[in-house]
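Here the structure is laid out as structure tokens; the discussion comes afterwards.
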Amino acid sequence: MSAENVIDVRGLSKAFGTFPALSGLDLSVGRGEVHGFLGPNGAGKSTTIRVLLGLLRADSGSARVLGGDPWKDVVALHRRLAYVPGDVSLWPGMTGGEAIDLLGAMRGGLDGSRRAELIERFELDPTKRGRQYSKGNRQKVAIVAALASDAELLILDEPTSGLDPLMEAVFTDVVGEAKKRGASVLLSSHILAEVETLADRLSIIREGTIVETGTLAELRGQARTSIRATLERIPERAALAGLHEVHLEHGHLSATADADRIGEVMTLLAPYGIAALTVEPPSLESLFLRLYESEGDPR
Ligand SMILES: Nc1ncnc2c1ncn2[C@@H]1O[C@H](COP(=O)(O)OP(=O)(O)OP(=O)(O)O)[C@@H](O)[C@H]1O
Ligand SMILES: [Mg+2]
């Protein structure tokens, strides 16, 4: 376990009844890093986060947060971390401003000028009562409370759900600024685009297990290039063995190939007469869809 890591999870498992929500999950977040935590609905993101927050006890494996045990050291840890869930509920009779201050007090107080600045940037009316806020505005209250604190670690579970695109952009800026101040961030999402600009590293979770982890560049290296070609002569299937996801109809070929094998693919296709060709660079989006969909061990 590295002292540099603010989150260190090893072999974490948690079942609800017989349903294995987490199965041997490993996750590490380095100090000062924004770590994207991506996966489809039901993959286990919130379950992992609830373990990290000491809200849920794992069946086996270990979890360390800021060097402590999230279950035993819950009080001390919650002074040093801030959490934003994807569905914020507020005290119905309390104003947004009061809620921000109450949440902030749990973390040893807020930076007053940053609090004011964030309220303005998020265009939040802090005088409304909890019950009067829309979904997006409730999110803003929790986001302002978290980001106006000097928490060392921000644990954000789909924090922008319900924010409009303008506010999402503000959120991205604000989290970037928190990173500059030295905060570490675990940012969960379904959507790659949401974390792509911020994340130093990503972990992709599917069915309770991390299926891929690395920097954006490392993951991009694993994405495949897509190729569309119109060929003058129709190749034998066997000749295309080096390609993936091959669709061949008359002379129209569409396929994907590992990014480092494009040269070979061109050599392979050339004898069939390339009448038209488009080669699209590997997109992370396509890698994600593949990882989200691909079949793993049956549960
Ligand atoms: N308290 C619970 N009792 C039973 N099953 C649960 C419970 N909490 C979560 N689960 C199940 O565990 C799995 C993982 O849920 P989790 O909420 O961690 O997913 P998620 O990745 O956060 O999904 P989403 O993107 O939809 O928020 C799901 O299949 C869910 O139904
Ligand atoms: Mg969730």
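Laboratory data are not the source of any read-out in this text; all were calculated from the coordinates shown. Keep in mind it's a predicted model, so treat the numbers as computed, not measured. With ideal geometry, Cβ positions are generated from the backbone for all residues, glycine too; neighbour counts draw on all protein chains shown.
Checked across segment 163-171, the condition of being under 30 Å from Lys140 (Cα atoms) and assigned to a loop (DSSP other than H, G, I, E, B) holds for at least one residue.
Of Glu236, Glu280, all but one fail to be in contact (Cβ under 8 Å) with a residue 24 or more places away in the chain and over 30 Å from Val175 (Cα atoms); the exception is Glu280. For segment 121-158, a tally of residues being crowded, with 23+ Cβ neighbours inside 10 Å and among the hydroxyl-bearing types (Ser, Thr, Tyr) returns 1. For segment 27-49, a residue qualifies if it is more than 10 Å from ligand 2 (Cβ to nearest atom) and either basic (Lys, Arg) or free of Cβ contacts under 8 Å to residues at least 40 places away in the same chain (or both), and the qualifying residues are Ser28, Arg31. Among the hydrophobic types (A, V, I, L, M, F, W, C) and under 25 Å from the mean Cα position of the chain (by Cα) - does that describe any residue in segment 250-268? Taking every residue of segment 250-268 in turn, at least one turns out to be among the hydrophobic types (A, V, I, L, M, F, W, C) and under 25 Å from the mean Cα position of the chain (by Cα).
Condition check ((1) in contact (Cβ under 8 Å) with a residue 60 or more places away in the chain; (2) more than 16 Å from ligand 2 (Cβ to nearest atom)) across all residues:
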position: Leu66; (1), (2): yes, yes
position: Val74; (1), (2): no, yes
position: Ser89; (1), (2): no, no
position: Gly97; (1), (2): no, yes
position: Gly108; (1), (2): no, yes
position: Asp111; (1), (2): no, yes
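If you go through segment 199-222 and keep only what is surrounded by fewer than 20 Cβ atoms within 10 Å (Cβ to Cβ), hydrophobic (A, V, I, L, M, F, W, C) and either over 14 Å from Phe37 (Cα atoms) or more than 16 Å from ligand 1 (Cβ to nearest atom) (or both), you end up with Leu216, Ala217. Note on segment 50-63: residues that are closer than 25 Å to Ala145 by Cβ and either more than 16 Å from ligand 2 (Cβ to nearest atom) or crowded, with 22+ Cβ neighbours inside 10 Å (or both) total 4. Go through segment 66-94 and give me each residue that's within 18 Å of Pro159 (Cβ to Cβ), crowded, with 18+ Cβ neighbours inside 10 Å and more than 16 Å from ligand 1 (Cβ to nearest atom). If the condition is that a residue be within 18 Å of Pro159 (Cβ to Cβ), crowded, with 18+ Cβ neighbours inside 10 Å and more than 16 Å from ligand 1 (Cβ to nearest atom), then Leu81, Ala82, Leu90 are the ones that fit.
Of the residues making up segment 95-120, those that are surrounded by fewer than 20 Cβ atoms within 10 Å (Cβ to Cβ) and among the small types (Gly, Ala, Ser) are Gly97, Ala105, Gly108, Gly109, Gly112, Ser113, Ala116.
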